[in-house]
Amino acid sequence: MAAGQQWVLVEMVQAFYEAPAYHLILEGILILWIIRLLFSKTYRLHETYKLTEKEKEDLIEEWQPEPLVPPVSKDHPSVNYDVVTGPPSHKIVINGKECINFASFNFLGLLDNDRVKQKALASLKKYGVGTCGPRGFYGTFDVHLELESRLAKFMKTEEAIIYSYGFATIASAIPAYSKRGDIIFVDEAACFAIQKGLQASRSFIKYFKHNDMEDLERLLREQEQEDQKNPRKARVTRKFIVVEGLYINTADVCPLPELVKLKYQYKVRIFLEESMSFGVLGEHGRGVTEHFGVNIDDIDLISANMENAVASIGGFCCGRSFVIDHQRLSGQGYCFSASLPPMLAAAAIEALNIMEEDPDIFSVLKEKCKHVYHALQDIPGLKLVGVPIAPALHLQLERTTGSRDTDMQQLRSIVEYCIQQNVALTLARYLEKEERFLPAPSIRVVITVEQTEEDVQKVVSCLKEAVSTLLK
């Protein structure tokens, strides 16, 4: 044995004798425990029983698979349609019965406008029905580029991008910018399209109470304190506030000036969804920014659909060029869906022409909204929800039954009664199992520029009759 090895052995023996007794005892216990683990069985093998062929066949025969979807009653409203024949303009034919239309989001009455229809027809003859391809695969037509240019000019932004489906617009825009690890502060009353965009983003979501700026600031302040503890992480974490200009579920307006102040104070970005306020609010119909006199450059991204005031299909986002161009690379609804049919793009362009030529139409709509709002306040048994300038108001039961299904049934009976009296209303419907904050059941009343004083008196008297007859 070499001298070096002998010296190491001597040192080990010397350390053994010098070690305290408790140390040696502990080491001995650990060694014995390791030996026990190595040689002991950690599990026992159970005897297996082999099934006979007959037993296998019997089990297969008895097995019943779980249903693919839960059973749906044949009386469920989602599977019992009210069929519309003809254009849903001022008058609408439902199940063969002509009614005054208080249900369709045709705010400016452009759906059946002759000029709009002529432009759509001319485009149909020139381009055909559809596009059969996304924008990046021969789906970009000259009329698409013209519509984007016109929307940017109308909204006074650098650039705009159009989508072929209104719901997909904000649902695609949010995950195009906000990713896993980013933080989104969102209003509890946000519409379902926003909720889907939040899910797709996989970001960390913080909800604040509806239109409660104190609650939002509390969340922003807490996040600021967290950022101070970990500044390195904070530098790479993007933060967004997502709100609607005019909320479809509550029919009220967001406090945009206060939101802009919080944006600059806490260094966050604002995404503004304006599907209900575009073509409605503001002197020229530019939405909630014009309504409050807020500089549109203070908003990082504005989105809206073209399925309400513009009476077409699809949606758009507008803002600074570098922000919008990013969606052309990562907006899922833009990249993977067939582009907007050219005839609908042409119809939207003509609708913009009418909006620019006749800005008085927005003040007419505003006055009619106020008139209907005050007229609906005097209906006993129903509670009006919304603000006077909202073109789509909600009527809820003044006294709930305590059961959502029963409330819905009562409201549905009121709607059906009104249809029999030639007034078309609709229930506000939601995917109840998927809504983050499920709104209360309500009847939605939509105001348009085409409705007359006689129409308003008719809907009010009809609702009063229905409530007195059905809610006893």
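Observations
- Counting DSSP beta bridges with both ends in segment 167-260, the antiparallel % (nearest 5): 10 percent
- Annotation for Glu258 and Lys209: the two label points, set 7 Å from Cα along the Cα-Cβ direction, are 1.1 nm apart.
- The value of relative contact order for segment 378-452, using C-alpha pairs under 8 Å at least six residues apart, is 33 percent.
- Between Gly279, Gly315, Gln225, the Cα set farthest toward the positive side of the dipole of segment 223-364 (charges on each charged residue's Cβ, about the Cα centre) is that of Gln225.
- Taking amide H as placed 1.01 Å from N in the peptide plane, Ala392 has its amide H under 5 Å from the amide H of Ile447, each at least 5 places away in sequence or on another chain.
- Modelled label reach - Val93, point 7 Å along Cα→Cβ, segment 415-433 residues with backbone N closer than 19 Å: 419-425
- Cα-centre dipole for segment 393-448 with unit charges at Cβ (Lys and Arg positive, Asp and Glu negative), debye to 20: 80 debye
- Semi-axes of the equivalent ellipsoid of the chain are 58, 32, 26 Å, computed as sqrt(5λ) over the eigenvalues of the C-alpha gyration tensor in descending order.
- Modelled FRET efficiency - R0 41 Å, Gln118 with Arg429, Cβ distances, 0.05 increments: 0.75
- Shape category assigned to segment 82-161 from the gyration tensor of Cα positions, a/c cut at 1.5: prolate
- With the simple model of a label 7 Å out from the Cα in the direction of the Cβ, Arg232 to Asn422 spans 7.5 nm.
- Spacing of the modelled spin labels on Glu27 and Arg320, each 7 Å from Cα toward Cβ, amounts to 6.7 nm.
- Helical content of the chain, expressed as a calculated mean residue ellipticity at 222 nm, amounts to -14500 deg cm²/dmol (DSSP H runs of 4 or more residues, -39,500 (n - 2.57) each, divided by residue number, nearest 500).
- Top positive-direction residue, dipole computed over segment 40-151 with Cβ charges, set Tyr127, Asn101, Trp63: Tyr127
- For segment 47-128, averaging the sequence separation of C-alpha pairs within contact (under 8 Å, six or more residues apart) and dividing by the residue count gives a relative contact order of 15 percent.
- Within the chain, antiparallel bridges make up roughly 60 percent of the DSSP beta bridges whose residues both belong there.
- Net lengthening on full extension, Gln265/Glu398 (0.36 nm per residue, minus Cα-Cα): 43.8 nm
- Solvent-accessible surface of the chain, taken per residue with a 1.4 Å probe and all protein chains present: 56 Å².
- Charge dipole (Cα centre; +1 on Lys/Arg Cβ, -1 on Asp/Glu Cβ; no other charges) of the chain amounts to roughly 740 debye.
- As a length-normalised measure over Cα pairs under 8 Å and 6 or more apart, the relative contact order of the chain settles at 19 percent.
- Per-peptide average of other Cβ atoms within 10 Å, ordering 241-248, 252-259 highest first: 241-248, 252-259
- Extension gain (nm, one decimal) between Tyr81 and Glu367, 0.36 nm per residue minus Cα-Cα: 99.6 nm
- For Val364, Val280, the ranking by accessible surface with the largest value first comes to Val364, Val280, using a 1.4 Å probe.
- Here r is the Cβ-Cβ distance between Ala200 and Phe39 and R0 is 45 Å; the resulting FRET efficiency, rounded to 0.05, is 0.25.
- Of the cross-linked pairs Lys366/Lys433; Lys97/Lys370; Lys206/Lys261, those separated by over 25 Å at the C-alpha level are Lys366/Lys433; Lys97/Lys370.
- Once the chain from Val129 to Phe192 is taken as fully extended at 0.36 nm per residue, the excess over their C-alpha distance is 19.7 nm.
- When each of the peptides 371-378, 305-312, 411-418, 434-441 is scored by the mean number of other C-beta atoms lying within 10 Å of its residues, the order from highest to lowest reads 305-312, 411-418, 371-378, 434-441.
- Glu454/Glu217 FRET efficiency (R0 35 Å; Cβ-Cβ; nearest 0.05): 0.15
The values are calculated or read from the model by the stated rules, or taken from the named source; none is laboratory data. Computed from a predicted structure; not experimentally measured. Reconstructed Cβ throughout: ideal geometry from the backbone, glycine too, with neighbour counts over all protein chains shown. Protein only, heavy atoms only, side chains kept; ligands, DNA and RNA dropped before computing areas. Shrake-Rupley method; radii C 1.70, N 1.55, O 1.52, S 1.80 Å.
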